[in-house]
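Just so it is clear, none of the values below were taken in a lab; they were calculated from the coordinates. From a predicted model like this one, the values you see are computed outputs, not experimental measurements. Note that each Cβ is placed from the backbone with ideal geometry, even for glycine, and that neighbours are counted across all protein chains shown.
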Amino acid sequence: MTKVRLVDELNNLIHGKAVGENGMKASLDLKRIADGASATGWARNLLRVAMPSKIRDIIHNDVEYTFSTVADDEQADTSAMNVFDAAHLELSAEDAFTEDRFASSFEALAGHKNLRHTGQAKQNAHHLRAAYDITAPIVVPESEADREWVQAQLEEDEMLAYRSLTQWLAIVTSRGRAANPIDDRLLGLWDDFTAEQAEDLAEYRPGFAHTVALAAVMLSPKPSRDVVNQAVKIVTMASVNEDWESHANALVQSWVARECSPFSEFKSKSRGDENEQLAQHKMAAAAWPELAKTAADWHKQPLGGTVDEVRDRIGRIFTSVDPANFPA
């Protein structure tokens, strides 16, 4: 029944835009059609733009299609999220969804020829956030296993981030929970958003949510040795204490191990080398809590008074030294 309503809405839209009825301004140029332009192309472009908002209107405003709050899952096939999946993936197929793959379409926008997959993804997210003033952070799972699981899920399904966003929004605005609820590790990505910020993000194409969420849970690309050395020098300058220099080096190395990939995307290593490198990487990452706490407790707190402040300060240093791979 919801599909029928969606089709009716879109038929009314095409009719209104074609003849200028229902309060709509006509946009079909009959002269261009007569000259050989495609009427089908005009309709396809119109539907591509209108589809996401029409689906959201149905989900948000019609009680019959709101999220199910009953325990019985027999109505799962008619839940709002299933309706969204079916309508969006079936009706917009080659148009709205395929053309919405921001991870590839924004590669030219980033403009850094020396970047590969991870750095490019983070640049794409940075440009989108800056262009549309999306400032709320994604909440990255603390557990490495959970973060890797979320990343794998998002990479497998490019609509998943958007579905988790709309379901999270339905929950926090008391509209209910979908009959097929999404895992809390995915819903938790949006916990630092306000309802208004989530509404704003949901107004854009689904690829927007996918791009910013995936970039956030990806480890940053492994920095070059020169970049790490520069960061160590900057952190070393924070204190004149003679013990600080050795601590600064260990602290930065541990931050890199915690926040960055253990392997360079530009170099290939043998399996034996990778195993040894991964073991060293995990050992350095495991030292982070103690090293960061020591830095936070250091005399005059040169990098900040909490572990989070220390982590953020080092992150800003890497952004300053290597903005291409560590966008703000």
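Computed FRET efficiency, Cβ-Cβ of N12 and T173, R0 35 Å: what is it to the nearest 0.05?
The pair N12/T173 has a calculated efficiency of 0.80.
Which of rounded, prolate or oblate describes the range 118-199 when judged by the alpha-carbon gyration tensor and an a/c cut-off of 1.5?
Judged from the Cα gyration tensor, the range 118-199 comes out oblate (a/c at least 1.5, b/c at or above a/b).
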Among the listed pairs K122/K293; K233/K293; K222/K282, those beyond 24 Å (Cα-Cα): K122/K293
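Which shape class applies to the range 185-310: rounded if a/c is under 1.5, otherwise prolate when a/b exceeds b/c and oblate if not, where a ≥ b ≥ c are the square roots of the Cα gyration tensor eigenvalues?
oblate
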